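A.B. asks: Next up is a structure, given as structure tokens.
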Amino acid sequence: MSYENILTATENGIQTITINRPDKLNALNKQTIGELNQAFAAAETDSQVRVIIVTGSGQKAFVAGADIAEFVNFSVEQGTALSADGQAKLFDFVQNLSKPVIGAMNGFALGGGLELALSCHIRVASNNAKMGLPEVSLGVIPGYGGTQRLAQLVGRGKALEMIMTADMITAEDALHWGLINYCTTPETLMTKCIELATKIITRSPSAIASAIRCVNANYKDGVNGFEVEIAEFGKNFGTADFKEGTTAFLEKRKPNFTGK
Ligand code: COA
């Protein structure tokens with residue numbers, strides 16, 4: 001598939017999706033969100049892809065937010081649709097993907113950029129990254145899940161501080177607050193992400209998909225995560241991966257998982 005605003009490359013089971021609008025600091029316009037939706041959907045069904053890394057092109061930005069120029073004249077209805085469409089096509093979509101997604105923040109991760117990273121299953125940032133939800137300085141709130149997912153990661157107090165001050169924080173602070181999993185140098189950002197992905201690839205894809213569903217269940221209204229866990233755990237016993245994993249252990253060899 002060919003895209004205008006993103007690049008995709010797959011190597012050793014790892015697909016890297018690079019948001020490629022460096023002259024606009026990789027800001028997320030409608031087209032880019034649509035292309036990301038297509039790329040994540042394609043990666044999910046591509047048996048060659050086991051883990052996805054999403055990053056931004058250039059040295060300066062992961063994603064500097066939603067494209068402000070695009071929504072500056074929006075009405076109430078258009079604003080509502082912008083948030084709902086974006087959440088469905090990208091932010092909820094990524095969080096609920098059955099394959100692990102690692103966000104590699106290589107610079108500014110602001111507004112929708114930080115919200116995209118928050119939707120990922122794991123976040124790694126280089127020490128030149130700056131993170132923030134500056135929306136209230138524009139007269140809006142974070143509308144791509146940021147008010148929910150940031151508080152889930154760093155707690156209500158720190159989330160409201162970041163949202164109300166609109167300040168950026170450093171990758172070091174983000175690590176300290178539990179917003180990111182690892183802080184690296186710019187040179188080792190992708191190496192760290194590939195190292196994580198390479199380890200994940202040796203594990204059972206079907207069990208990983210199951211684990212993602214269970215962890216996400218905790219954040220869904222009206223859903224009991226413990227009950228989801230019981231059901232998913234039971235289903236694991238019917239998978240080829242479970243047979244292979246347990247047999248390989250008893251035979252003292254490495255498992256060869258198929259994801260079935
Ligand atoms: N939407 C649209 N365009 C954006 C953008 C965004 N969120 N963020 C950056 N850009 C564009 C700029 O308009 C500029 O385009 P131009 O060269 O055509 O004028 C280009 O990207 C470079 O940005 P610039 O502001 O010149 O870079 P800088 O180094 O001076 O500042 C930032 C970097 C990230 C601090 C600044 O771009 C910024 O504050 N961006 C908006 C962040 C934001 O509020 N995001 C939340 C949106 S809801």
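A.B. asks: So what's the net charge close to E115: Lys and Arg +1, Asp and Glu -1, counting the other residues with Cβ under 12 Å from its Cβ? Let's see the in-between values first.
C.D. replies: On the way: positive: R123, R149; negative: D92, E135.
Once positives and negatives cancel, what remains is 0.
A.B. asks: To continue, here is another question. Can you give the angle from 0 to 90° between the axis of helix 76-86 and the longest principal axis of the chain, with both taken from C-alpha atoms, to the nearest 10?
C.D. replies: So the helix axis and the longest Cα principal axis differ by about 30 degrees.
A.B. asks: Relative to the first principal axis of the alpha-carbon coordinates of the chain, what is the inclination of helix 225-236, with its axis defined by its Cα atoms, in degrees from 0 to 90 and to the nearest 10?
C.D. replies: Helix 225-236 sits at roughly 40 degrees to that axis.
A.B. asks: Can you list, bin by bin at 5 Å, the percent of alpha carbon pairs in the range 205-250, starting at 0?
C.D. replies: So the P(r) values, bin by bin, are 5, 22, 26, 19, 14, 8, 4, 1, 0.
A.B. asks: May I pose another question? Using Cα atoms only, what is the angle between the long axis of helix 205-217 and the major principal axis of the chain, expressed in degrees (0 to 90) to the nearest 10?
C.D. replies: Helix 205-217 sits roughly 50 degrees off the main axis of the chain.
A.B. asks: Measure of size requested: the Rg and Dmax of the chain, with Cα atoms as the atom set and Å as the unit; please supply both.
C.D. replies: 18.6, 64
A.B. asks: Run the numbers for Q59 and E195: contour at 0.36 nm per residue of separation, minus the present Cα-Cα distance, in nm.
C.D. replies: 46.9 nm
A.B. asks: Can you tell me the relative contact order of the chain? Whole percent, Cα pairs under 8 Å, sequence separation 6 or more.
C.D. replies: 15
A.B. asks: OK, next. Once you have the Cα-Cα distance between K235 and K30, take 0.36 nm times their residue separation minus that, and quote the gain in nm to one decimal. Each step should come with its number before you reach the end.
C.D. replies: Working: separation 205, 0.36 × 205 = 73.80 nm, distance 3.81 nm.
Computed gain between K235 and K30 is 70.0 nm.
A.B. asks: Within the set K130/K260; K30/K235; K220/K252; K89/K158, which residue pairs have Cα atoms separated by over 30 Å?
C.D. replies: In this structure, K130/K260; K30/K235; K220/K252 lie more than 30 Å apart at Cα.
A.B. asks: Next question. Keeping every protein chain in place, order R203, R253, R156, R123 by accessible area at 1.4 Å, biggest value first, i.e. largest first.
C.D. replies: The ranking, largest first, comes out as R156, R203, R253, R123.
A.B. asks: Do you know the relative contact order of the range 205-250, to the nearest whole percent, from alpha carbon pairs under 8 angstrom that are 6+ apart?
C.D. replies: Numbers: 23 pairs, mean separation 17.6, N = 46.
Reported as a whole number, the value is 38 percent.
A.B. asks: Give me the number: length gained by fully extending A9 to T147, i.e. 0.36 nm times residue separation minus the C-alpha to C-alpha distance, one decimal in nm.
C.D. replies: Between A9 and T147, full extension yields an extra 46.5 nm.
A.B. asks: Continuing with this model, one more query. Give me the dipole magnitude in Debye, nearest 20, for the range 6-201 about the Cα centre, with unit charges on the beta carbon: positive for Lys and Arg, negative for Asp and Glu.
C.D. replies: The dipole magnitude comes to about 300 debye.
A.B. asks: Can you give the helix-only mean residue ellipticity at 222 nm for the chain, where every DSSP H stretch with n ≥ 4 adds -39500 (n - 2.57) and the sum goes over all residues, rounded to the nearest 500 deg cm²/dmol?
C.D. replies: -13000 deg cm²/dmol
A.B. asks: Build a GNM of the chain with springs between Cα atoms under 10 Å: which of G13, G157, G145 gets the top mean-square fluctuation?
C.D. replies: Of G13, G157, G145, the Gaussian network model singles out G157 as fluctuating most.
The values are calculated or read from the model by the stated rules, or taken from the named source; none is laboratory data. The structure presented is a predicted model; accordingly, all values stated were derived computationally and were not measured. Please note: Cβ atoms are built from the backbone with ideal geometry, for glycine as well, and neighbour counts cover all protein chains shown. Accessible surface areas use protein heavy atoms only, side chains included; no ligands, DNA or RNA. Shrake-Rupley method; radii C 1.70, N 1.55, O 1.52, S 1.80 Å.
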